[in-house]
1. Check the straight Cα-Cα distances from Lys275 and name the aspartates and glutamates below 15 Å, setting aside those fewer than 8 residues away within the same chain.
2. In terms of Cα to Cα distance under 16 Å, which aspartates and glutamates are near enough to Lys446, apart from those fewer than 8 places away along the same chain?
3. Computed over the Cα atoms, what is the radius of gyration of region 218-266 divided by 2.2 N^0.38 Å, N being its residue count?
4. Report the Stokes-Einstein translational diffusion coefficient (µm² s⁻¹, integer) for region 205-330, Rh taken as the Kirkwood radius over Cα pairs, at 4 °C with viscosity 1.567 mPa s.
5. Send over the Kirkwood Rh of region 320-450, from the inverse of the averaged 1/r over different Cα pairs, rounded to one decimal Å.
6. So for each of 330-337, 113-120, 222-229, 241-248 I average, over its residues, the number of other beta carbons within 10 Å; can you give me the resulting order with the highest mean first?
7. What fraction, in whole percent, of alpha-carbon pairs in region 265-356 exceed 23 Å separation?
8. Rg to Rh for region 302-364: what is it, with Cα atoms only and Rh by Kirkwood?
Amino acid sequence: MFDFVQKNRRIVQVILAILILPFAIWGIESYTRVAGGRDAVATVNGLEITRRELDEEMAKQIERVREAFGAQIDPAALDTPEARRAVLEALIAQRLVVSEAGRRHLFMSKAAVIDAIAQAPEFQENGQFSPARYTAYLQSRNTTDQRYVAELQTQLPLARLANSVADAAITPRAVADQLVALEGQRREVSEVRIFGQQFLAQTNVDEAQIKAYYEANPAEFRAPERVRAEYVLLTAEALAKQDPVTEAEVKAAYEQRINQFSIAEVRTVSHILVKDKDEAEKILAEVRKTPARFAELAKKHSLDTGTAERGGDLGAVTRESLDPKLGEAVFAMKNGEMRVAESKFGFHVVRVGVQAGRSRSLEEVRKDLTQELSQQKAARRFAEEGEAFRNMVYEQPDSLKPVAEKFKLQIQTTNWIAKSARQELGALDNPKLLAALFSADALQNKRNTEAVEIAPGALVAARVIEHRPQEQLAYEQVKPAITETLRRRAAASLAQKDGEAKLAGLRQGKDPGLKWSPPRTVTRREGQGMAPDALQRAVSADVSKLPAYVGVNFPEGYLLLRVSKVIEADAKEADPQTAGRIAALYGRSQYEAYVAGLRARADVEVNQPNLEKK
């Protein structure tokens, strides 16, 4: 493929980044698959969406949430029926566009796709296509060149189609002006939080309430599906230990790169600049008698005020950094020598220090050179052995023993684990790997997962040993937790009632003696740390009369907000990107309307039983 790229670099203005707009913003970013099977969760004009594809897309979405909010987020809590349905709707939208592209015969030739890859900025190095960067990208996505080119042959035309629909949207000028003004408006907001904790002593929960809650919410009290697994980890570091750098290799590399280890000669110069030669000769005679007075005489006599205070020190110099005549003299002098030299600036009493150039010895560079050679060897071996590792775990799916023996790896085992980010899973704490472990193939057939690159230079393949399905927890096990939950909810409800009463009093002009926080200035886009629902209430509050008050429920109680000041936006100071965001908003609406129109004419079927399976 690399040869083809170099020989067929036609100028095609197709950049991989065009995928970002329709696929990243609107959530249509899965690979285009048209695989058949009994596990389809939906069909769109005959194109199937498989349960495995839905699971993989859910894993991607959950990983995005983890990246945004941290590892404390529990993936199991995010994998809800509502979330799965939302992801399915995005995949259906994708299939609708795929179907429309097929109807219009939109396709991109292999040569054009290769041109696009060759021109993509992320694969450029020094203005040229970099095979190394491209290979690293393919490895990071766990795909091959052939599969990636085939994907783009379908995806790039889809992105163009989506962009053309969005670009056709026209934003009304009056609406745009109003939106710009609203987005730029600033409001000063203070708050008071009323927590339910202070009302806990007033709450009481009886046995009947606890049992009723347990029976009404069985899904909350289920032990998650769990597995015990074994796995093998192939790393570049381990391969490097198996094939350490030899003394002969270190010596050979040192000899080949001896020029890299040379230290150039360094000349340091101090000078005293005067107008005429006679004065320079007098000063030279003085410093030859008493060299220690050089700095003192420089401060007293030198016309170069920039260096006089430093005792005439010019520091390390190069021939090019000096006046040509002065440079010629300086680079003809020996270490410690002093003499008078002329330049266009006058006459200099010059003292030169010379640190001769030399080559760093093998012993000086051995540690760094050995480490560098070891990393290079490891990277080469990992690139070679990684593909063999992937193939073996796939071709011999019933055991990890063959791959462990071939690559001299230890088969490690886990305790019981769930698909949760709260666990300390080490090498297995990877959404893609966990999704593979909990797939039907791994659970039912006990086959190896595919090899997953969990980090640069690290591949893991795993296999389920035991499996425990989700199970209901007994009432007595969860009774204390339910009691605490109901008490906290009751306390929060009391806090909310108290907050609503205080809000009513504030709106009537009463002073309930609240201690407001210092005001913070917020806009519709910049909440300064305010929760989204609270920000929405603050920026949408009626400010015809100030101060304006609004209230917001939150899980632990009630939040009172006071808007004390409104600062209208100056159209001249409007963010120039605002118009672009508004145009993008209209473009998104246009695209969603386009997809809705396609769906109205399409044959879409959802297999609800398969959708509910995990």
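1. Within reach: Asp304, Glu342.
2. Qualifying aspartates and glutamates at Cα under 16 Å: Glu225, Glu230, Glu395, Asp398, Glu466.
3. Working: Rg = 25.8 Å, N = 49, 2.2 N^0.38 = 9.7 Å.
For region 218-266, the normalised Cα radius of gyration is 2.67.
4. Values: Rh = 23.2 Å.
So the translational diffusion coefficient is about 56 µm²/s.
5. Details: mean 1/r = 0.0462 Å⁻¹.
By the Kirkwood definition, the hydrodynamic radius is 21.6 Å.
6. Working: 330-337: 13.8, 113-120: 20.4, 222-229: 16.9, 241-248: 11.6.
Ranking the peptides 330-337, 113-120, 222-229, 241-248 by packing returns 113-120, 222-229, 330-337, 241-248.
7. On the way: 490 of 4186 pairs.
For region 265-356, the fraction of Cα-Cα distances above 23 Å is 12 percent.
8. Details: Rg = 14.0 Å, Rh = 13.2 Å.
Looking at region 302-364, the ratio lands at 1.06.
Each value in this text was obtained by applying a stated rule to the coordinates, not by laboratory testing. Because the structure is predicted, anything quoted here is derived from the model rather than measured. So basically every Cβ, Gly included, is an ideal-geometry build from the backbone, and we count neighbours across all protein chains shown.
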